Amino acid sequence: MSTSEPARLLVTVCTYNEKENLPSLITEIHIFAPDAHVLVVDDNSPDGTGQLADELAAKDSRVHVLHRAGKQGLGSATVAGFRYGVEHAYEQLINLDADFSHHPRYIPELRLCLESADVGIGSRYVPGGGVVGWSWVRHFMSGGINFYARLMLGLPNRDNSGSYRCYRVSKLALLDFDQVRSRGYSFQEEILYMCRSVGCCFREVPITFEDRRAGTSKINWKESVMALWIIFRLALDRITGRRVRVKT
């Protein structure tokens, strides 16, 4: 591949009732990454997001849609996108939220991270990063879970709970996704823990996280408690020396 030829990029967008955001989000993605293929992973959204995604895909060969039978959790939806990226031999994979809390303007810098790292993390907690529109409760929950992940899993990053990341697909291909425990938001910490087990190095770049433009948030206290439990179980694996299974 010549130095001027961009790496094959897949942008995965996991959706559940995101019909209001999806068309403008895909447009914005292609403004900042015209070469990107976009995979919409839809969990049978009642608002018709999946059908709209099919219509967008029919008009643009860069758009692809993966329909799932129902709401199975953000973690399993993200894994489905990872599997697609590996199976279709992409080189880079960026995952971002469908609600514009992760603005596509950061895509070019996240891609550049892979010149010196295996995972580029869009970070709210490094200098230059930040959050707009959160209550003190959301700040407390996010800060607490990130401290907990660093303490329990030995993750070096300031932001381990955000999902806006760029992955080197050849590293994702080494992971046994059947081993993933989390189906919800704790997936973000778990996949970094797994990536670290296959020798990934991380780099954080600052982003500003903005509250969603339309629709309603899916975050709740039940998800937060489950995240604490999953991270605790992973920490036990770390203490007892149980290794993450790696594909050969």
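The values are calculated or read from the model by the stated rules, or taken from the named source; none is laboratory data. As the structure is a computational prediction, the values presented were derived from the model and not from experiment. For neighbour counting, all protein chains shown are included, and Cβ atoms are generated from backbone atoms with ideal geometry for every residue, glycine included. Accessible surface areas use protein heavy atoms only, side chains included; no ligands, DNA or RNA. Shrake-Rupley method; radii C 1.70, N 1.55, O 1.52, S 1.80 Å.
In the chain, the portion of solvent-accessible area held by carbon and sulfur atoms comes to 55 percent [1.4 Å probe, whole percent, DNA, RNA and ligands not counted].
At a Cβ-Cβ separation cutoff of 4.7 angstrom, cysteine residues of the chain with no neighbouring cysteine are 14, 113, 166, 201.
Calculated mean residue ellipticity at 222 nm for the chain: -12000 deg cm²/dmol, from DSSP H runs with n ≥ 4 weighted as -39500 (n - 2.57), summed, divided by the residue count and rounded to 500. Each part gets one Cα centre, and for the range 78-113 versus the range 1-65 those centres are 10 Å apart.
Share of antiparallel DSSP beta bridges in the chain, in percent to the nearest 5?
Antiparallel: roughly 25 percent of the beta bridges in the chain.
Hydropathy at least -1.0 by Kyte-Doolittle, axial extent at least 24 angstrom from the Cα trace: which helices of the chain, defined as entire DSSP H runs, fit? Span-like helices in the chain: 136-153, 221-240. Extension gain, residue 151 to residue 135, is 3.3 nm, computed as 0.36 nm per intervening residue step minus the present C-alpha separation. Going by accessible surface with a 1.4 Å probe and the largest first, 164, 148, 185 read 185, 148, 164.
Legend: calculated FRET efficiency, residue 7 to residue 197, from the Cβ-Cβ distance at R0 = 22 Å, rounded to 0.05, equals 0.40. Just to be sure I understand: with springs between alpha-carbon atoms less than 10 Å apart, which residue in 172, 56, 96 has the highest mean-square fluctuation in the Gaussian network model of the chain? Top of the fluctuation ranking is 56. Computed over protein heavy atoms with a 1.4 Å probe, the accessible surface of the chain works out to 46 Å² per residue. Peptides 108-121, 36-49 ranked from most to least packed, by the mean per-residue count of other Cβ atoms within 10 Å: 36-49, 108-121. The slack in the chain from residue 238 to residue 55, taken as 0.36 nm per residue of separation less the alpha-carbon distance, amounts to 61.3 nm.
If you sort the three axes of the alpha carbon gyration tensor as a ≥ b ≥ c, you get a/c under 1.5 for the range 38-107, which makes it rounded. Amide H contacts of residue 208 (H built 1.01 Å from N, in plane; Pro and chain starts excluded): 130 sit under 5 Å, all sequence-distant by 5 or more or on other chains.
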